[in-house]
Every structure is written in structure tokens, then in C-alpha cells.
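Derivation of every value follows stated rules applied to the coordinates shown; laboratory data play no part. Quantities reported herein were computed from a predicted structural model and do not represent experimental measurements.
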Amino acid sequence: MKKLFRSTTDSKLTGLCGGIGQWLNIDSTIIRLLFVIAAFFSFGTVILVYFIATLFVPKSPYSELRPIDHY
């Protein structure tokens, strides 16, 4: 079972949309567009939920980052 983390590699603001995209195996751009549309139609309520979720969803641990290429 996959756990939800904020992405450290696919991040525009806080990494939450990137993490949701990785968790659902969906392109993070689609998640970001859905958040923008939902924020527009919810009169900003989704923005508040986004920042509250950012407080509770942990950042991705370093072990899940892309391995460093050694030469």
C-alpha cells in the first residue's frame, strides 16, 4: 500500500499536487488543473483545504528520491 507524501521532486508550491499525482499514478499537471478549477468554483475553500493538507501530509523521505548517479 502506497503512502501519500508531498513530492520533493515534482513541486511547484508545496509539493502536495505532485505527491497526489505520484500516489494516484496520474500526471501532476492534471491534479493542479483540478485544484485550480475546484478553487474557482468553491470560492477559495479548496485553497484553505490545500494549505491545511500541506500541514498534515509529510514530505517525501530522502530514500524515495531519485538515486544519485555515481561516476
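Between amide H atoms placed 1.01 Å from N, distances below 5 Å from Arg6 occur with Lys59, Ser60, all of them 5 or more places distant or on a separate chain. With bins 10 Å wide beginning at 0, the percent of Cα pairs of the range 1-53 falling in each bin runs 27, 53, 19, 1.
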